[in-house]
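Notes follow the structure.
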Amino acid sequence: MQSLQTQNYRNLVVLTGAGVSQASGIPTFRGPQGQISEAYMRVADGNNVATLLPEMWATHGAARGRLMKIAPNPAHVTLANWETKWRDGREITIVTQNVDGLHQLAGSANVIEIHGSLRRSRCTNVSCNSEPFVDDWTPDESFVENPTWEKVPRCSVCDSVLRPDITLFNEALPLDELQRVKHALRDCDLFLAVGTSGAVAPASEFVRGAAYNKARTILVNLTPMETRNPYFGEEYLGRAEEILPQLLD
Ligand SMILES: [Zn+2]
């Protein structure tokens, strides 16, 4: 595999998905056919926040607990090193669908989290003026077995229940973040999507934006695109943590 000769580019946007964190031991919640279990779907559905928040905390809070023992893998580290190397007026923007915060832990500074972060909580009261905050609250065993509203963590400002600061299914992506992505894509001359499907939004829309601006567009994923997205000019198949160090050499 040839390196991408990154010295020829000035503005790089890297979209990362679940495949980038897999080598760190983060489960994707998708089966071999890409399906999501019904039980997980219930607690991952934004329409259920009002009724199932305790169950959501049991699942996502436990996942937060596991996150704290997980380290970035060579895919994260390669991207972070690249950012350090790439100063002198060049920009690297990482746009991630992952909620694990591993890019930042590896040292990446310019990261846009379009699905939020499991490391943060936020108030469910939309008129509360508190901001999302880094939170290490995790449920104990008895909560996981028997999640109750009384034990759901509460906002220190207004005492409403808190929720994980992640975007659930049926919820809109955060507007500020999308605006930042749009801005980054406008100046982008090299676009990589790594460990994410090239066919599904938002990857499919982001790559179209990059291609429209005449960027070189590349997909790195374990499996080939089911329906070919014509906006990707190149496709490399394999594990992110093995391919990225070669491409970005
Ligand atoms: Zn509040």
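Bear in mind these aren't lab numbers, they're just calculated from the coordinates by the rules spelled out. None of these values were measured; they are calculated from a predicted model. Every residue, glycine among them, receives a Cβ derived from its backbone with ideal geometry; neighbour counts consider all protein chains shown.
Worth pointing out:
- Ranked by the mean number of other Cβ atoms within 10 Å of their residues, highest first, the peptides 60-68, 86-94 fall in the order 60-68, 86-94.
- Put simply, the amide H of Thr217, placed in the peptide plane, has neighbours under 5 Å in Phe191, Gly233, Glu234, leaving out anything fewer than 5 places away on its chain.
- Partners for Lys214 among lysines (Cα-Cα distance below 19 Å; same-chain residues under 8 apart left out): Lys182
- Nearby aspartates and glutamates by direct alpha-carbon distance to Lys151 (threshold 16 angstrom, same-chain neighbours under 8 apart not counted): Glu55, Asp135, Asp136, Asp140, Glu141, Asp159
- Relative to the longest principal axis of the Cα atoms of the chain, helix 203-212 runs at roughly 30 degrees.
- The chain: angle of helix 74-85 to the longest principal axis, Cα-based, in degrees nearest 10: 60 degrees
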